[in-house]
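> Please see the structure below; I have some questions.
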Amino acid sequence: MTRERVRDFEPDPGHGLGPDGLEPLRAAVRRSFVGWDLSELQLAPLAGGITNRNYTFDRDGVTYVVRQPGERTELLGIDRANEAEAARRAAELGLGPPVAANLDGVGTLITEMVDGHHLGGADFVDRLDEVVELIKRFHRSGSLAGSFPIHRVVEWHARDATAHGVSLPSTWELLHEVSEQIEAAFAANSDAAVPSHNDMLPGNVLFAADRTWLLDYEYAGMNDRHFDLGNLSVNIGLDADADEELLRCYFGAVSSRSKARLQLMKIMSEFREGMWAVVQQAISTLDTDFVSYADERLNNCVHLATGHHVEDLLAAAAEPATP
């Protein structure tokens with residue numbers, strides 16, 4: 001089970017709230033657009049997503065996406081004010097969909113729906129340079145108020161899972177130790193944090209004929225630039241050659257340092273994904289097998305952490321950046 005499969009979910013339009021269970025959401029949309037005639041507002045469920053519920057509505061030939069937040073999403077590391085800042089930044093840069101409004105009284109966003117389709121495998125790799133260019137532009141766009149310190153994030157997930165009655169996975173101690181080693185290696189010659197997307201799933205990249213979009217800035221915040229690269233690589237399933245192409249697109253060249261940091265951030269990406277699913281076991285009311293999902297991602301994390309020459313990677317990652 002991949003996270004894409006976990007997210008492939010068709011929501012119930014009423015969410016179990018009865019025949020008109022969406023009226024509070026419709027009322028919030030109406031409040032968000034003062035002066036708009038939305039008396040006949042119709043919300044249609046949008047497939048995909050297991051953290052939130054998403055709907056669309058049409059007005060004057062434009063389709064809008066409305067996000068209704070899931071249960072206790074703050075425990076997943078989501079800050080709606082930070083999301084709004086990052087989404088508006090991305091829209092201004094032309095990376096993300098235009099933001100139409102904040103959903104009044106809810107805190108999530110109403111955005112314009114953009115055209116495109118998702119790709120995977122070789123088709124994604126063929127347009128990898130476009131995706132990396134968007135990531136670079138976001139990274140270079142100036143500081144965000146929010147942060148996503150990846151080594152703290154996994155610890156926060158462990159804290160919140162246990163606080164809500166979920167036992168930590170048997171792999172926690174091993175992987176937390178590896179996380180501390182990675183953090184120390186990066187700190188030996190640290191890079192400045194950059195505005196990062198932090199959720200580079202295939203479903204968050206949309207390809208049109210003449211452009212590419214980055215979607216969903218819920219987890220955006222300041223982080224090490226290599227996390228987005230490792231997160232993208234492990235979620236797409238890039239091989240060694242594609243990893244080098246990714247680094248070449250981003251940095252212009254491939255160094256032992258950047259290769260090592262990319263590989264180590266793949267470990268952190270899987271660690272975070274697995275612990276995210278552990279928290280979901282505590283808070284989600286969806287009929288989704290988060291136990292199997294957490295096991296899958298954490299087992300892959302162990303594979304990455306023990307199947308490579310991690311000591312060599314740590315040493316290379318600690319090298320100073322080349323001018």
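The values are calculated or read from the model by the stated rules, or taken from the named source; none is laboratory data. As the structure is a prediction and not an experimental result, all values here were calculated from the model. FYI the Cβ positions are ideal-geometry reconstructions off the backbone, even for glycines, and counts take in every protein chain you see. Keep in mind that these areas ignore ligands, DNA and RNA; they rest on the heavy atoms of the full protein, side chains included. Shrake-Rupley method; radii C 1.70, N 1.55, O 1.52, S 1.80 Å.
> Within segment 1-56, which residues are touching a Pro at 6+ places or on another chain (Cβ under 8 Å), modelled with pLDDT of 90 or more and closer than 17 Å to GLY105 by Cβ?
Of everything in segment 1-56, those that are touching a Pro at 6+ places or on another chain (Cβ under 8 Å), modelled with pLDDT of 90 or more and closer than 17 Å to GLY105 by Cβ turn out to be LEU43, TYR55.
A quick yes/no check of all residues on (1) in contact with a Lys or Arg (Cβ under 7 Å, 6 or more places away or on another chain); (2) open to solvent by 10 Å² or more (accessible area, probe 1.4 Å); (3) farther than 12 Å from HIS139 by Cβ:
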{"position": "ALA188", "(1), (2), (3)": "no, yes, yes"}
{"position": "ASN198", "(1), (2), (3)": "no, no, no"}
{"position": "TRP213", "(1), (2), (3)": "no, yes, yes"}
{"position": "ASN231", "(1), (2), (3)": "no, no, yes"}
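> Just give me the residues in segment 164-186 being under 15 Å from ALA277 (Cβ atoms) and either under 22 Å from the mean Cα position of the chain (by Cα) or surrounded by 12 or more Cβ atoms within 10 Å (Cβ to Cβ) (or both), in sequence order.
Within segment 164-186, HIS164, VAL166, LEU168, PRO169, THR171, TRP172, LEU175 qualify.
> Then there's this: Checking ARG225 against (1) surrounded by fewer than 21 Cβ atoms within 10 Å (Cβ to Cβ); (2) of a type in the set (Lys, Arg); (3) within 23 Å of GLU85 (Cβ to Cβ), which test does it fail?
(1)
> Given the conditions (1) at pLDDT below 95; (2) under 24 Å from GLY274 (Cα atoms), and given that ASN102 satisfies all but one, which numbered condition is not satisfied?
Of the numbered conditions (1) at pLDDT below 95; (2) under 24 Å from GLY274 (Cα atoms), the odd one out for ASN102 is (2).
> OK, next. I'd like to know if segment 71-84 contains one or more residues that are modelled with pLDDT under 95, over 18 Å from the mean Cα position of the chain (by Cα) and open to solvent by less than 60 Å² (accessible area, probe 1.4 Å).
no
> Within segment 107-125, is even one residue of a type outside the set (Ser, Thr, Tyr), in contact with a Lys or Arg (Cβ under 6 Å, 6 or more places away or on another chain) and either touching a residue at least 60 places away in the same chain (Cβ under 8 Å) or surrounded by fewer than 19 Cβ atoms within 10 Å (Cβ to Cβ) (or both)?
yes
> A further question on this structure: Looking at segment 201-211 only, could you name the residues that are closer than 14 Å to GLU130 by Cα and either buried (at least 24 other Cβ atoms within 10 Å of the Cβ) or of a type in the set (A, V, I, L, M) (or both)?
Within segment 201-211, VAL205, LEU206, ALA208, ALA209 meet the criteria.
> To continue, here is another question. Yes or no: segment 240-251 includes at least one residue that is closer than 30 Å to ARG53 by Cα and part of a helix (DSSP H, G or I). Can you show your working first?
Just the residues of segment 240-251 that are closer than 30 Å to ARG53 by Cα, to begin with: none.
No, segment 240-251 contains no residue that is closer than 30 Å to ARG53 by Cα and part of a helix (DSSP H, G or I).
> Given the conditions (1) crowded, with 16+ Cβ neighbours inside 10 Å; (2) farther than 19 Å from ARG31 by Cβ, and given that GLY94 satisfies all but one, which numbered condition is not satisfied?
Result: GLY94 passes all but (1).
> So, one more: If I go through segment 239-265 residue by residue, how many of them are open to solvent by 20 Å² or more (accessible area, probe 1.4 Å) and either in contact with a strand residue (DSSP E or B) (Cβ under 9 Å, 6 or more places away or on another chain) or within 23 Å of ALA122 (Cα to Cα) (or both)?
Residues that pass the stated criteria total 13.
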